[in-house]
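A quick write-up on the structure given underneath.
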Amino acid sequence: MESAITVEGLRKSFGSREVLHGIDFQVQAGTVFGVIGPNGAGKTTTMRCLLDIIRPSAGTLRVLGQDPRHGGPGLRRRIGYLPGELSLEARVTGRRLLDHYEAVSGPVKRGRIDELAERLNLDLDRHTRKLSKGNKQKLGLLQAFMHDPELLVLDEPTSGLDPLVQQEFLAMVREAKDRGQTVFLSSHVLSEVQQAADEVAILRDGRIVTIATVDALRESAVRHLRFAASGITADDAGARLGRVPGVGGVEVLTAGDGVELTAVLEGSIGPLVQALAGLQLTDLVLEEPDLEESVLRLYGNNGNGRRGNGSRRREPQEEGSSHA
Amino acid sequence: MRSPMPLFRRAFVDSWRSTLGWAAGLSAAIMLYLPIYPSIGGSAEMQQMINALPPEMTKALNYDQIASGSGYTQATVFGLIGFLLMTIATVSWGAAAVGGDEESGQLELTLAHGVTRVQLVLERALAMVLRVVLLAVLVFVLILALNDSAQLQIESTHLFGAAVEFAGLALLSGTAALFVGALSGRKSYGLAAGAAVGVLGYVFNAVGRQSPDLDWLLDLSPYHWAYGNSPVANGADWAAAGWLWGISAALVLLSSLALQRRDVGS
């Protein structure tokens, strides 16, 4: 398969501070690739390098077969870009702004702008600087999508969007993929991209921690287990569960003539089901795998994981905060 | 559809409010100053009053020629209020064109589209030049219209030359602001640089005229290059006009190179 983005040994320093320490990844054409990481991990810096807004200190980049440093306007017309810190303060209406970008990067299919505006529920006749954060974000998405570019580079695309619009956005990403477009998007939370992305890179402190398919992450992810059973003592239940591979954090309470038990499961569910088969279950809940938790453990397992998030940066969950 | 010079059109058309505002300000200043010339500048009492002022002050304010229509127009419109308004306008445009746009985060998005950085700087600079030319034309036309009724007795070719130097002087401040904004990515640095060119030029002229020992200050003053030979009375010093416009053009080119070579928004 052809690759839409190839990044090899990408390094970037601002002054004496290196923020990307040699990043390698590939995005196959026609796929959706997510990069996840806390603020300050280097997601925005990586994306800006792809668009030649900033220049790498070292490494090779290929975007749609060209070096972004020399691809020029021709290359950038084939890309739709949503900046992470979107600023639209001009005294123009959304429609005029989009007309302007169409004049620069078009052509745009007739009616495409209105169609997208309707889907995102965005009023194009208001002045951009009077728009709320969410509406500015919609306008930013619109200018990235409107000319149906071969590659979409979207930095924190769901930031500021309400859940309904987030769903609409995910549908737009799926449609783009169905049309053969490639999507490269970032987020600081996995849940925002796990529905859309085929593959996910996890970035922390300027290094890629892991690249995996969402399915692989799902397999390595933890599930929360909760059940109630009758006719068994707490000790027996605890011992029985404790023997199942991948089960940990077992907590048992006696309830009536039976028990209530909670635990976490990592890995495959087969052995657990066998262990549960002999019990008289009155209730059983095995939750969806929590990818968020497994990703956070990946941040944490590698070196001093979470410590870096505290002093220098804002909380990863905070919306609309800065990230470089 | 893609169309020619989209950045120029956006920079020019979207700033029509600002252009119109400065045009109104310049017109008001001209309409206030020039019609009262017969009762002020041309009168004998006024000349006596000027003679009573300290000569340093009259020189600093260019009031030494205020008794003639052309000297009065030179000192009040071109030398003071018009110079002030035009310089503020071009410096704010120049600093906003790249530095301000970058600082507000909007440049990043524009550069991610199908434009080159050189094209961006050139088209935005062209929009600034066009606005300056329009304002200079307005000043030229208004003064010409008042020439008879205000008894100014200005020759139109001399007035034209003065307007060319007036525009060139303002452009120099504006392109200095553009250049430093493009170099640093900071609007405030651009504003400071543009204002410095305007203010220092004015001060060097005012101080340099006080004594022959300070003549060298005049050579450093774009204000003096433009107005040293009183163009409204004597016609333009075309070499000086060439310097003003030429350095401005060079600063535009340097701005595009500066932006071309660096990271944006980091």
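Among the residues in the range B:174-186, are any free of Cβ contacts under 8 Å to residues at least 24 places away in the same chain and surrounded by fewer than 20 Cβ atoms within 10 Å (Cβ to Cβ)?
Step one: of the range B:174-186, the residues free of Cβ contacts under 8 Å to residues at least 24 places away in the same chain are none.
Within the range B:174-186, not a single residue is free of Cβ contacts under 8 Å to residues at least 24 places away in the same chain and surrounded by fewer than 20 Cβ atoms within 10 Å (Cβ to Cβ).
From the list A:Thr210, A:Thr158, the lone residue that is under 30 Å from A:Leu286 (Cα atoms), surrounded by 19 or more Cβ atoms within 10 Å (Cβ to Cβ) and not assigned by TED's automatic domain parsing to the domain that holds A:Gly270 is A:Thr158. Contact map, the range A:119-138: residues that are free of Cβ contacts under 8 Å to residues at least 60 places away in the same chain and of a type in the set (Val, Ile, Thr) paired with residues that are buried (at least 16 other Cβ atoms within 10 Å of the Cβ) and part of a helix (DSSP H, G or I), Cβ distance under 8 Å, separation 6+ or inter-chain. Pairs shown: A:Thr128/A:Gly94; A:Thr128/A:Leu97; A:Thr128/A:Lys136; A:Thr128/A:Leu139. Looking only at residues in the range A:20-55 that are within 10 Å of chain B (Cβ to nearest Cβ) and assigned to a loop (DSSP other than H, G, I, E, B), the one that is nearest to the chain's Cα centre (by Cα) is A:Leu51.
Taking the numbered list (1) surrounded by 14 or more Cβ atoms within 10 Å (Cβ to Cβ); (2) touching a strand residue (DSSP E or B) at 6+ places or on another chain (Cβ under 8 Å); (3) assigned by TED's automatic domain parsing to the domain that holds A:Leu98 in turn, A:Val165 passes all entries but (2). The residues on offer are A:Asp99, A:Asp114, and the sole one that is within 13 Å of another protein chain (Cβ to nearest Cβ) and either among the polar types (S, T, N, Q) or in a helix (DSSP H, G or I) (or both) is A:Asp99.
Scanning the range B:70-113 for residues that are crowded, with 21+ Cβ neighbours inside 10 Å, under 30 Å from A:Leu152 (Cα atoms), in contact (Cβ under 8 Å) with a residue 40 or more places away in the chain and small (Gly, Ala, Ser) gives B:Ala96, B:Ala97, B:Gly99, B:Gly100.
Taking the options B:Val207, B:Val197, name whichever one is modelled with pLDDT of 95 or more and of a type in the set (A, V, I, L, M, F, W, C). Within the list B:Val207, B:Val197, the selection yields B:Val197. Remark: pairs (first residue in the range B:46-66, assigned to a helix (DSSP H, G or I); second residue not β-branched (Val, Ile, Thr); Cβ separation under 6 Å; 6+ apart in sequence or on different chains) = B:Gln47/B:Ala67; B:Ile50/B:Tyr63; B:Glu56/B:Gln210; B:Thr58/B:Asp64; B:Lys59/B:Arg209; B:Ala60/B:Ala206; B:Tyr63/B:Ala75; B:Gln65/B:Gly71.
Looking at the structure I just gave you, is A:Gly84 touching a Ser or Thr at 6+ places or on another chain (Cβ under 6 Å), outside any helix (DSSP H, G or I), within 15 Å of A:Met47 (Cβ to Cβ) and in the same structural domain as A:Leu151 (by TED's automatic domain parsing)? If you could, list the steps in order and put the result at the bottom.
On the way: touching a Ser or Thr at 6+ places or on another chain (Cβ under 6 Å): yes; outside any helix (DSSP H, G or I): yes; within 15 Å of A:Met47 (Cβ to Cβ): yes; in the same structural domain as A:Leu151 (by TED's automatic domain parsing): yes.
Criteria met by A:Gly84.
Every residue in the range A:61-87 that is in contact with a Pro (Cβ under 7 Å, 6 or more places away or on another chain) and either surrounded by fewer than 17 Cβ atoms within 10 Å (Cβ to Cβ) or within 11 Å of another protein chain (Cβ to nearest Cβ) (or both), please.
Filtering the range A:61-87 for residues in contact with a Pro (Cβ under 7 Å, 6 or more places away or on another chain) gives A:61, A:75, A:78-80, A:82.
Answer for the range A:61-87, where residues must be in contact with a Pro (Cβ under 7 Å, 6 or more places away or on another chain) and either surrounded by fewer than 17 Cβ atoms within 10 Å (Cβ to Cβ) or within 11 Å of another protein chain (Cβ to nearest Cβ) (or both): A:Leu75, A:Arg78, A:Ile79, A:Gly80, A:Leu82.
Scanning the range B:1-56 for residues that are under 27 Å from the mean Cα position of the chain (by Cα), at the interface with another protein chain (Cβ under 10 Å from one of its Cβ atoms) and loosely packed, with under 13 Cβ neighbours inside 10 Å yields one hit, B:Arg17.
On inspection, A:Pro107 fails the criterion of being facing chain B (nearest Cβ under 9 Å) and part of a helix (DSSP H, G or I).
The range B:169-266 holds helices (runs of 4 or more DSSP H) entirely within its bounds, and those carrying 1 or more residues that are within 14 Å of another protein chain (Cβ to nearest Cβ) map to B:187-208, B:238-260.
Restricting A:Leu97, A:Leu142 to residues that are of a type in the set (A, V, I, L, M) and modelled with pLDDT of 95 or more narrows the list to A:Leu142. Inspection of the range A:139-153 identifies no residue that is assigned by TED's automatic domain parsing to the domain that holds A:Asp198, without any contact (Cβ under 8 Å) to a residue 24 or more places away in the chain and either farther than 30 Å from A:Glu2 by Cα or not in a helix (DSSP H, G or I) (or both).
The values are calculated or read from the model by the stated rules, or taken from the named source; none is laboratory data. All values reported here derive from a predicted model rather than from experimental measurement. Please note: Cβ atoms are built from the backbone with ideal geometry, for glycine as well, and neighbour counts cover all protein chains shown.
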